[in-house]
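**Student:** Here it is, the structure in full.
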Amino acid sequence: MSLTKNPNVNKWVDEMVALTKPDKVVWIDGSQAQLDALTDEVCALPEGNRDKMYRLNEEKLPGCLYHRTLPNDVARVEDRTFICSRNKEDAGPTNNWCDPKEMYAKLTPLFDGVMKGRTMYVIPYSMGPIGSPLAKVGVELTDSIYVVLNMHIMTRMGVAAFENLGDTSNDFVRGLHSKADVDPEKRYIVHFPEDNTIWSINSAYGGNVLLGKKCFALRIASFQGKNEGWMAEHMLILGLKKPGKETKYICAAFPSACGKTNLAMLIPPELYKEQGYEVFTVGDDIAWLKPGPDGRLYAINPENGFFGVAPGTNAKSNYNALASTRKNTIFTNVAINNDDMTVWWEGLDKNPPENATEWKGEKVNGKEFTAAGNKLAHPNSRFTAPAENCPCISPEFNNPQGVPISAIIFGGRRAATTPLVYQSFDWTHGTYVGSAVSSETTAAATGAVGVLRHDPMAMKPFCGYHMGDYWAHWLEMGEKLGDKAPKIFNVNWFKQDENGHFIWPGFGDNMRVLDWIVKRCDGEIDAEETAIGYLPKKGDINVSGIEDEVTPEIMDKLLAVDKDLWTKEVSEMREFYKQFGDRLPKALAAELDMLEDRLK
Ligand code: GTP
Ligand code: SPV
Ligand code: MN
């Protein structure tokens with residue numbers, strides 16, 4: 001029975017039921033009893049059923065579940081992701097586009113009767129704290145219990161979302177998902193921004209099917225933000241508290257699998273801990289940003305959990321992320337230790353379980369298997385963990401007004417060229433710096449890994465409209481914020497030496513860079529003006545405790561601005577900008593010219 005009187009919701013659900021023809025429709029109220037019953041059902045499925053989930057060790061990992069997706073369905077599929085705006089130009093050159101009428105016509109037969117013999121779950125959810133002026137409601141229809149259980153962790157899911165929507169509003173995002181077919185050629189992740197609608201079919205992987213996340217909170221929301229005067233960004237949000245000072249909030253946009261979760265949950269090195277520095281996590285993947293009554297930019301995390309990369313997560317690299325996964329967490333495509341039904345992944349520790357099941361489901365001797373160069377966990381295996389589990393979750397996590405942002409950081413994986421950190425001259429230059437983000441590709445999306453590609457603002461796969469218009473929106477927001485705008489920085493944790501080794505220790509030691517950034521925001525420290533922006537003066541990045549690793553020579557390399565490489569970068573950017581035609585904001589073209597001049 002419907003959980004809302006809202007006729008817009010009910011009419012749409014009726015239409016989708018008529019289209020997909022499920023045997024049964026279950027409205028998700030969010031109660032523990034309902035979740036428990038669904039968990040029982042999905043764990044009782046027979047071995048070999050591709051929807052099956054497993055309960056993990058109830059003592060070591062209470063409330064935790066395990067699931068494997070099909071080997072061809074383990075990451076986002078950018079080539080099968082579409083933005084179906086009415087005008088092709090509005091999707092822009094960085095998105096796949098199809099005419100919405102054509103796309104509806106193509107997908108309608110795929111959805112026709114697709115839920116026959118199955119149950120449709122109707123999931124009401126809020127992106128953002130219930131009642132927050134920045135929050136928005138979505139409804140996802142799915143035939144997957146895995147999706148229901150993940151949405152419970154990742155969003156504020158349940159009947160409260162309908163109460164928040166009210167009985168008459170039409171302002172909700174309509175998401176339809178079916179896992180139906182295993183054929184990747186029939187997989188579509190489709191957005192109709194002008195209809196507030198998302199249709200996703202024939203995938204079961206997180207980013208393709210948890211429709212509140214990338215589909216709504218970035219692709220649809222970025223379009224809404226453009227029209228409504230706010231921003232939806234692929235950014236973590238963290239709070240940095242120095243003793244005796246107000247907490248400073250920082251957003252950072254890095255491409256997928258480039259370190260957002262790790263930075264958001266950073267544990268400061270001893271020297272900072274001794275001084276009483278603390279880091280708090282507000283979000284690890286998505287930020288919604290809007291000017292507040294005082295004219296500053298405020299951010300909320302629209303999510304309620306972390307869909308984090310498992311490999312590489314360990315007690316040393318990211319204690320807080322690991323701790324977040326110790327209860328009520330869903331693990332996807334990691335390996336199982338069959339001796340005690342616990343989980344394992346590359347980089348967790350040095351002891352792969354002997355009695356293991358690898359991520360594709362094959363029973364193997366984990367020690368021999370990994371010694372032979374195989375991976376027990378998929379490189380994009382993930383945990384879905386409740387935010388409330390995080391030991392350093394911010395006391396402001398549920399603040400409906402969000403937190404005021406002092407700095408925005410861009411970054412990517414760059415073996416060369418980009419220094420450890422630099423500050424832009426101003427917001428407009430910072431927008432240029434964001435537009436110029438490029439990064440080596442990762443396992444978060446299907447396709448080759450390690451290929452350098454442009455990923456402006458880390459939004460290449462997530463911007464729901466024309467990238468040129470998106471940059472124009474950034475510039476407009478800067479004008480609106482004026483001198484209250486956050487300062488904009490760029491970082492690179494991934495610089496390499498001739499042998500391909502990272503020369504910056506990263507992880508907790510990134511605190512040393514954050515400290516410089518905050519000091520710059522507070523006007524406490526001078527900087528070196530260079531052609532590309534402001535760089536730290538010699539000695540201003542504190543390396544106390546890591547002097548052996550980061551020698552003065554290494555620091556010189558980390559902070560080098562190589563004119564030849566940067567001149568190449570400029571001509572590369574000129575090429576990249578061409579595709580945006582007259583939608584490229586003039587101010588950005590001018591920034592590129594000025595950078596070129598400064599390099600001469
Ligand atoms: P998405 O969830 O895909 O958006 O990714 P993310 O940006 O949250 O990335 P995450 O923090 O999960 O990091 C992904 C990978 O980068 C992991 O394998 C980490 O071990 C590695 N990584 C994170 N921070 C650092 C760092 O400071 N230095 C180095 N060398 N690697 C890092
Ligand atoms: C990313 O790929 O940037 C993620 C994971 O955060 S997914 O939800 O799959 O998009
Ligand atoms: Mn992400």
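The values are calculated or read from the model by the stated rules, or taken from the named source; none is laboratory data. Note that this is a predicted model, so its numbers are computed, not measured. Here the Cβ positions follow ideal geometry from the backbone for every residue, glycine too, while neighbour counts run over all protein chains shown. Only protein heavy atoms, including side chains, enter the accessible area calculation; ligands, DNA and RNA are left aside. Shrake-Rupley method; radii C 1.70, N 1.55, O 1.52, S 1.80 Å.
**Student:** Looking at (1) closer than 19 Å to S126 by Cα; (2) within 16 Å of ligand 2 (Cβ to nearest atom); (3) among the charged types (D, E, K, R), can you tell me which one K260 breaks?
**Tutor:** (1)
**Student:** Please go through the stretch 221-262 and pick out each residue that is open to solvent by less than 10 Å² (accessible area, probe 1.4 Å), within 16 Å of ligand 3 (Cβ to nearest atom) and of a type in the set (G, A, S).
**Tutor:** A221, S222, A232, A252, A253
**Student:** With G30, G48, G63 as the choices, which residue is in contact with a helix residue (DSSP H, G or I) (Cβ under 7 Å, 6 or more places away or on another chain) and on the phi > 0 side of the Ramachandran plot?
**Tutor:** That would be G30, the only listed residue that is in contact with a helix residue (DSSP H, G or I) (Cβ under 7 Å, 6 or more places away or on another chain) and on the phi > 0 side of the Ramachandran plot.
**Student:** Continuing with the same structure: Mind checking whether some residue in the stretch 10-23 is out of contact with any Cys (no Cβ under 7 Å at 6 or more places or on another chain) and either among the basic types (K, R) or in a strand (DSSP E or B) (or both)? Spell out how you get there, then give the answer.
**Tutor:** Going residue by residue through the stretch 10-23, those that are out of contact with any Cys (no Cβ under 7 Å at 6 or more places or on another chain) are 10-23.
The next check asks that each one be either among the basic types (K, R) or in a strand (DSSP E or B) (or both); those that pass are 11, 21.
Yes, that holds for at least one residue.
Per-residue answers, yes or no, for (1) in contact with a helix residue (DSSP H, G or I) (Cβ under 7 Å, 6 or more places away or on another chain); (2) of a type in the set (A, V, I, L, M, F, W, C); (3) near ligand 1 (Cβ under 9 Å from one of its atoms); (4) assigned by TED's automatic domain parsing to the domain that holds V451:
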position	(1), (2), (3), (4)
T247	no, no, no, yes
C258	no, yes, yes, yes
L263	yes, yes, yes, yes
I267	yes, yes, no, yes
Y272	yes, no, no, yes
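**Student:** Which of the following residues is under 27 Å from the mean Cα position of the chain (by Cα), of a type in the set (A, V, I, L, M), outside any loop (DSSP other than H, G, I, E, B) and over 20 Å from S438 (Cβ atoms): M573, M511, M555? Full working, then the answer.
**Tutor:** Values: M573 fails: over 20 Å from S438 (Cβ atoms); M555 fails: under 27 Å from the mean Cα position of the chain (by Cα).
Matching residue, one of M573, M511, M555: M511.
**Student:** Among what's in the stretch 307-346 and is within 21 Å of T155 (Cα to Cα) and in contact with a Lys or Arg (Cβ under 9 Å, 6 or more places away or on another chain), pick the residue that is farthest from ligand 2 (Cβ to nearest atom).
**Tutor:** Among residues in the stretch 307-346 that are within 21 Å of T155 (Cα to Cα) and in contact with a Lys or Arg (Cβ under 9 Å, 6 or more places away or on another chain), the one farthest from ligand 2 (Cβ to nearest atom) is R326.
**Student:** Which strands (runs of 3 or more DSSP E) sit wholly inside the stretch 404-488 and have at least 3 residues that are within 16 Å of ligand 1 (Cβ to nearest atom)?
**Tutor:** 438-440
**Student:** Further question on the same structure: Which members of the stretch 510-542 meet the condition of being on the phi > 0 side of the Ramachandran plot and surrounded by fewer than 18 Cβ atoms within 10 Å (Cβ to Cβ)?
**Tutor:** First, the residues of the stretch 510-542 that are on the phi > 0 side of the Ramachandran plot: 523, 533, 539.
Across the stretch 510-542, the qualifying residues are G523, G539.
**Student:** Just one of G478, G447, G508 is modelled with pLDDT of 95 or more and farther than 17 Å from F254 by Cα; which is it?
**Tutor:** Numbers: G447 fails: modelled with pLDDT of 95 or more; G508 fails: farther than 17 Å from F254 by Cα.
Only one candidate passes the filter, namely G478.
**Student:** Still on this structure, please answer the following. Look at the stretch 55-86 and say how many of its residues are among the hydroxyl-bearing types (S, T, Y) and assigned by TED's automatic domain parsing to the domain that holds I145. Lay out the reasoning, then the answer.
**Tutor:** From the stretch 55-86, those among the hydroxyl-bearing types (S, T, Y) are 66, 69, 81, 85; that's our starting set.
Next cut, assigned by TED's automatic domain parsing to the domain that holds I145 only: 81, 85.
The number of residues fulfilling the criteria is 2.
**Student:** Could you tell me whether any residue of the stretch 141-149 is among the acidic types (D, E), at pLDDT below 95 and closer than 21 Å to L45 by Cβ? Spell out how you get there, then give the answer.
**Tutor:** First pass over the stretch 141-149, keeping only residues among the acidic types (D, E): 143.
Next, from what is left, pick out any that are at pLDDT below 95: none.
No, the stretch 141-149 contains no residue that is among the acidic types (D, E), at pLDDT below 95 and closer than 21 Å to L45 by Cβ.
**Student:** While we're looking at this one, here's another question. Can you find even one residue in the stretch 290-304 that is of a type in the set (K, R) and under 28 Å from R219 (Cα atoms)?
**Tutor:** Yes, that holds for at least one residue.
**Student:** Related question: Among the numbered criteria (1) over 18 Å from the mean Cα position of the chain (by Cα); (2) within 17 Å of T446 (Cα to Cα), which one does I189 miss?
**Tutor:** (1)
**Student:** Take the residues in the stretch 551-600 that are surrounded by 14 or more Cβ atoms within 10 Å (Cβ to Cβ) and among the hydroxyl-bearing types (S, T, Y); name whichever of them is farthest from G500 (Cα to Cα).
**Tutor:** If we take residues in the stretch 551-600 being surrounded by 14 or more Cβ atoms within 10 Å (Cβ to Cβ) and among the hydroxyl-bearing types (S, T, Y), then Y577 is farthest from G500 (Cα to Cα).
**Student:** Inside the stretch 581-594, can you point out the residues that are over 10 Å from A472 (Cβ atoms) and either touching a helix residue (DSSP H, G or I) at 6+ places or on another chain (Cβ under 6 Å) or not in a helix (DSSP H, G or I) (or both)? Working first, answer last.
**Tutor:** Start the filter on the stretch 581-594 by keeping residues that are over 10 Å from A472 (Cβ atoms), which leaves 581-582, 589-594.
Scanning the stretch 581-594 gives E591, L592.
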